[in-house]
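Note sheet for the following structure.
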Amino acid sequence: MATHTDSDKYYLPHGSPWPIVGSVALFSTMLGAVAYLNDWLGGWIFLPGALLLIGMFFGWFSTVIDENQHGVYNREVDRSFRMGMMWFIFSEVMFFAAFFGALFYARRLAVPWLGGEGVKVVNRLFLWPQFSPGWPSNGPEHLGPRAGGSFEVMPAFGIPALNTIILLTSGVTVTIAHHALRTGRRGVLKLFLAFTFLLGFTFVSLQVHEYGEAYRELGLRLSTGIYGSTFFMLTGFHGLHVTIGAIMLVIIWLRTLRGHFTPTHHFAFEAVSWYWHFVDVVWLGLFVFVYWL
Amino acid sequence: MIKRNGHWLMVALTGLVAAVARVPVAHAAWTLNLTPGVDAVSRDIYGLHMLMFWWCVGIAVVVFGFIIYSLVRFRHSKGAVADTQLLHNTRVEIVWTLLPALILVSMAVPAARVLVEAEDTSGSQLEIRVTGYQWRWVYQYVGTNVTLISSLDRDSDQARQLDSGIDPFSVPNYLLNVDHPLVVPAGVKVRVLITGGDVIHSWWLPAFGIKKDAIPGYINEAWFAVDPDKLGTYRGQCAELCGRDHGFMPIVVQVVSQQDFQQWLKAQEAAMPPGSAPLTPEVGQPPLPTYAPPSPTTAPSPTT
Amino acid sequence: MAHSEHAATAHEEHDDHDHKPKGLWRWVSTTNHKDIGTLYLIFSCTMFFVAGSFAMLIRAELFKPGLQFLDPALFNTFTTMHGLVMIFGAIMPGFVGLANWMIPMQVGAPDMALPRMNNFSFWILPFAFTLLIGSIFVPGGGMAGGWTLYPPLSIQTGDALPMAIFSIHLMGASSIMGAINIIVTIMNMRAPGMSLLRMPLFVWTWLITAFLLIAVMPVLAGAVTMLLTDHFFGTSFFNAAGGGDPVMFQHIFWFFGHPEVYIMILPGFGIVSEIIPTFSRKPLFGYDAMVYATASIAFLSFIVWAHHMFTVGLPLASELFFMLSTMLIAIPTGVKVFNWSATLYRGSISYDPPMLWALAFLFLFSIGGFSGLMLAIAPADFQYQDTYFVVAHFHYVLVSGALFSIMGAVYYWLPKWTGHMYNMKLAKWHFWLSAIFFNVLFFPQHFLGLAGMPRRIPDYATQFADWNMVSSLGGFAFGASQLLFPYIIWQCVRGGEKATDRVWEGARGLEWELPSPAPYHTWAEAPAMATLDHGAPVHETHG
Ligand code: HEA
Ligand code: HEA
Ligand code: CUA
Ligand SMILES: [Cu+2]
């Protein structure tokens, strides 16, 4: 519970330009995306919007970092930030839950029903007599880029397993870095933080390589029926999150180089490491349910 | 037990609004309440509906009565003094948690029974495949080559255009009439296999107590068995928003006697274009027929 | 301010507590919870009028049979926009605005926990709605698949599709940030002594609502993202040919959608739980039970979603499960209704405008709840689903529930915000006109639905003519009555009889310890325990 004493007041900023900049940036980014998708003008409005968005984040966070460096944040402010970050991560969990839900629904219900299993035997009798359900599946009409609709799946114990090891290792390195921060060993901190984001980028590039292979050689694309859809949406959004997480790691690494963070006061560091662990856990779910089982 | 009579309610309310009510002859009877329908399931549903209705009325009378009593009795303007010590009362609170639970059980039991009955499509004697398209219904009698395309009738269609200048009241069964109604025999368990051809539609026939969505790529089942003495024409509408003309794809079913139905079906089979294959299991998604279906005049009058 | 030497270099204004920048920039850049609350409320009121105008067009088209003046596709667009804008533009921002104004004042906090993010969550909204409403005008016409956006119909939309979807993403982002702010404020910024079970019920209900928001808005974002990729990138989530299922969208949507309807009612429950004790001059009956009931409703809301899908062909076992779980919600909701009734019992009741709205809520919301319970009976829902019976149900819970509670809240706290009393006589007119014409507008829709009129149709069979005309007349009168609302507020902002600090004789709670109007900054010093004792509804055992 908050305590308010004269020497220790909750810091309240008075007025900020960044939110409105952010809103305009989001709006023009989305408008750009709309224009691109609808073939209106080409996606050119996308760029200024995206740049503005980056500028906004930069400006907003610099202000916050600046204030923090000047010590205006007391323990309650710090706790607000922490709680905020945790609930934000919870919202991300629910976002992924929607796609995992789609995967489970498709595997356990939709595809078997299409094949006439359970109560839906008439589906086979009167709609899809040729279809034999199973997983992976691209549906009764075998949608996909290849002529017959055939496709291959990414074997779990190749790049994906390697990526699992990479991410798990990065989870360890970020924890080591955190430990070093708390015990004041700045050298170890910088080193292991660097390891962490390097592992992150390695993960992303392997993922990109894997996507290339899937598109070129396996007949596995977004349009490869429900398997391709769930596969790319889940791994794609995850990859996006890894990329964002890795960029955040770079930023806090740069900040450690500048001497930011103290053993007791390092909210941003912890926020990024929580985020990183979250991305890690999502990957474990992906590895098990998308690649392996 | 669940069949209760809601008649006085309808009478009372009808009387209440009789002044504004206009009931043109050519139109379906004007009503305030759910139709009891013409088969066992629809009547059971009607019973459930009335059961729920009376429970709600009863609870409302008690709860609202108590509130109104308090509102009148404890007016500040009449010098009421608040009893600020009345904070809670465990015994009362337990009662008003458990009592509703018991009431709910008494609702859930008959509801579950009717649900099980309504979903039991086994043992049917006739099967009809129903496919919803934007914006018409296609009916195929399984095991025969008979296919009907059922669209809004011409009169309604003309009257419903913007600025048509046609008074809807002058059109018999405005928006509830089709060119080729579905024809079914009375007294027979009919299973309908419902699916969608483009988007989701919903096949709703209030008098049969059936509403089932027509999902593209999946088949839903429903059934009805109209009472043998309930020959006649029954009307419904598409009940899932399916685009621009969602309001204009009615469902009309003619219930005829079994002999009439057999005769009608034979005539239709003969009238189908040569080479049209019968719809049997294991044929999958048949192409949407492009030929014109036989004239509606061949349907026997349900009164025979 | 603490550490002011350092802070001052970064932010000049810090030392001056009541300084606020002037003009437009004040409102654009503000981080003050009261300013942001005001912005939200103005926005909500504007959107209420926009969405209400769509409703007026709907009612005008349905005034008599035959197409009057709207193309059917345009009619569907208006229905869709009416639903989306009312829900996401009027009701939700209205509640967030009230939360912004009142929660810091009620828990004794100096502001919201994350003030800059607070501003961000507001300012996203005008842009989101520009995108949404703008989508009506692009080639191919606006979204016309209903607010529920069911595919495959919704992905037949033209250029409006990505606009509507991105606008939903933006609204989601705004709601999530708003909800995070509310949770953090409540969990971290309470004054000493304000234990959880001493919080006013408005705060409690918002805490739980905020949790629901964070849990389900991302799910909606996921669902609409899948719509987008199905349309533009060839995925098959909702396409049976590729192994997907259109019904899957409905599951994901309603996993969001059902909690969403409680998001729109729980803060209303909180408001009514503030107003009724005040005007009964008596503490709320069964405070603890109210909190637990709210939590139970929130929990149950996650396991009932498929009651919107009884006709899609669910397996029998799921139909049974969802029917039974839905019926259970009547129990905690009943507890609430009974507690409010017991609060009235042996009270000393006066009938000021806020109380009138709260009482109308009590009666009319219950009626909406009863019809909800009828809908929950799966076999009976086969007959009700997608008819005007459903439309009647949800307007009883949304208009006489959510909207009336917001009206009541505004009339309750307006003197605290402006420092003036409003025109009581006009406010009572506003109430009585609304309450009467609301029923003329929506009660006949029960009959229409039972008699077989489907929803979302621009034209209907002639046997539905009479009640539709009654409903439309009621609708026009209800709509016209709403013009009083902004007028009364405008008058009150401009001036009027000075409001006392406590405003209402029976009012209890920290917000009433503050001067009227509430100063720009409040509770910079946390309120002391002594003030609290006759503040929040204090339960004996926690006192
Ligand atoms: C604020 C919003 C709100 C609220 C609070 C509710 C509350 C409830 N709703 Fe409603 N509902 C909607 C908004 C809301 N709904 C909307 C918007 C739709 C349509 C969406 C669309 O399709 O566009 C909808 C649709 C809807 C359906 C689907 C209908 C269909 O499409 O076929 C169902 C079905 O079960 C349902 C049920 C219920 C139930 C059981 C409650 C319960 O919570 C009600 C509980 C309350 C009471 C029961 C009254 C008080 C209790 C007592 C006095 C105690 C004693 C009572 C008894 C024991 C009976 N609702
Ligand atoms: C909280 C939400 C909310 C609120 C407050 C309302 C308020 C109203 N709604 Fe509702 N409505 C929904 C949520 C809401 N609605 C939803 C979710 C749907 C489902 C959409 C779908 O199917 O997808 C729906 C659908 C819906 C339908 C069914 C449409 C269809 O199926 O095709 C109808 C029809 O009568 C209707 C009418 C009204 C009316 C008359 C009001 C009135 O209360 C509005 C009153 C307000 C005003 C009128 C504005 C203020 C006044 C003016 C602008 C002045 C000018 C007016 C005059 C001079 C008359 N609404
Ligand atoms: Cu077909 Cu609505
Ligand atoms: Cu619901």
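The values are calculated or read from the model by the stated rules, or taken from the named source; none is laboratory data. Nothing here was measured: the structure is a model prediction, and the numbers come from that model. Neighbour counts run over all protein chains shown; Cβ positions are idealised from the backbone, glycine included. Accessible surface is based on the protein model in full, side chains and every heavy atom, while ligands, DNA and RNA are left aside. Shrake-Rupley method; radii C 1.70, N 1.55, O 1.52, S 1.80 Å.
Here C:Ile377 clears all of (1) under 18 Å from the mean Cα position of the chain (by Cα); (2) more than 14 Å from ligand 2 (Cβ to nearest atom) except the condition numbered (1). Can we say C:Thr229 is more than 16 Å from ligand 4 (Cβ to nearest atom), part of a loop (DSSP other than H, G, I, E, B) and either within 30 Å of C:Met199 (Cβ to Cβ) or more than 13 Å from chain B (Cβ to nearest Cβ) (or both)? No. Of the helices (runs of 4 or more DSSP H) lying entirely inside the stretch C:362-426, the ones with 1 or more residues being within 16 Å of ligand 4 (Cβ to nearest atom) and free of Cβ contacts under 8 Å to residues at least 24 places away in the same chain are found at C:378-384. Would a scan of the stretch B:188-196 turn up a residue that is within 9 Å of chain C (Cβ to nearest Cβ), at negative phi and either more than 16 Å from ligand 4 (Cβ to nearest atom) or crowded, with 20+ Cβ neighbours inside 10 Å (or both)? Yes; the residues of the stretch B:188-196 include at least one that is within 9 Å of chain C (Cβ to nearest Cβ), at negative phi and either more than 16 Å from ligand 4 (Cβ to nearest atom) or crowded, with 20+ Cβ neighbours inside 10 Å (or both). When residues in the stretch C:330-350 are screened for being assigned to a helix (DSSP H, G or I), facing chain B (nearest Cβ under 7 Å) and either β-branched (Val, Ile, Thr) or open to solvent by 20 Å² or more (accessible area, probe 1.4 Å) (or both), 5 of them pass. Listed by position, the strands (runs of 3 or more DSSP E) inside the stretch B:208-259 whose residues that are more than 7 Å from every other protein chain (Cβ to nearest Cβ) number at least 3 are B:220-224, B:232-237, B:250-256.
Filtering C:Gly222, C:Gly270, C:Gly234 for residues that are assigned to a helix (DSSP H, G or I) and within 11 Å of another protein chain (Cβ to nearest Cβ) leaves a single hit, C:Gly222. Among B:Ala60, B:Ala82, which is facing chain C (nearest Cβ under 7 Å) and surrounded by fewer than 17 Cβ atoms within 10 Å (Cβ to Cβ)? Just one listed residue meets the conditions, B:Ala60.
Mind counting the residues in the stretch A:58-82 that are of a type outside the set (Ser, Thr, Tyr) and in contact with a His (Cβ under 9 Å, 6 or more places away or on another chain)?
10
Of all the listed residues (B:Trp223, B:Trp203), the sole one being among the aromatic types (Phe, Trp, Tyr), modelled with pLDDT of 95 or more, within 16 Å of ligand 1 (Cβ to nearest atom) and buried (at least 16 other Cβ atoms within 10 Å of the Cβ) is B:Trp203. Note on the stretch A:92-109: residues that are at the interface with another protein chain (Cβ under 8 Å from one of its Cβ atoms), open to solvent by 10 Å² or more (accessible area, probe 1.4 Å) and without any contact (Cβ under 8 Å) to a residue 12 or more places away in the chain amount to 5.
Screening C:Thr205 on (1) within 7 Å of another protein chain (Cβ to nearest Cβ); (2) closer than 18 Å to C:Ile297 by Cα shows it passes everything except condition (1). Being under 21 Å from A:Tyr36 (Cα atoms), at the interface with chain A (Cβ under 7 Å from one of its Cβ atoms) and in contact (Cβ under 8 Å) with a residue 60 or more places away in the chain is a description that does not apply to C:Pro192.
Condition check ((1) modelled with pLDDT under 90; (2) farther than 29 Å from C:Leu228 by Cβ) across all residues:
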{"position": "A:Met86", "(1), (2)": "no, no"}
{"position": "A:Phe90", "(1), (2)": "no, no"}
{"position": "A:Leu109", "(1), (2)": "no, no"}
{"position": "A:Val121", "(1), (2)": "yes, yes"}
{"position": "A:Asn138", "(1), (2)": "no, no"}
{"position": "A:Gly144", "(1), (2)": "yes, no"}
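Taking the listed residues C:Ser296, C:Ser325, the one that is within 16 Å of ligand 4 (Cβ to nearest atom) and open to solvent by 30 Å² or more (accessible area, probe 1.4 Å) is C:Ser296, with no other qualifying.
Selection of the stretch A:47-99 for residues being in contact with a Gly (Cβ under 6 Å, 6 or more places away or on another chain) and either among the small types (Gly, Ala, Ser) or outside any helix (DSSP H, G or I) (or both) yields A:Gly49, A:Ala98. Can you name every residue in the stretch C:146-161 that is within 16 Å of ligand 1 (Cβ to nearest atom), open to solvent by 20 Å² or more (accessible area, probe 1.4 Å) and more than 7 Å from chain B (Cβ to nearest Cβ)? Selection gives C:Trp147 alone. Within the stretch C:383-409, restricting attention to residues that are open to solvent by 10 Å² or more (accessible area, probe 1.4 Å) and more than 30 Å from B:Ala118 (Cβ to Cβ), the residue that is farthest from ligand 3 (Cβ to nearest atom) is C:Ile406.
What residue, of B:Ser124, B:Ser150, is within 16 Å of ligand 3 (Cβ to nearest atom) and under 27 Å from B:Gln259 (Cβ atoms)?
None of the others qualify; the one that does is B:Ser150.
Taking the options B:Ala118, B:Ala112, B:Ala108, B:Ala101, name whichever one is in contact (Cβ under 8 Å) with a residue 12 or more places away in the chain, in a helix (DSSP H, G or I) and within 11 Å of chain C (Cβ to nearest Cβ).
Going through B:Ala118, B:Ala112, B:Ala108, B:Ala101 in turn, the sole match is B:Ala118.
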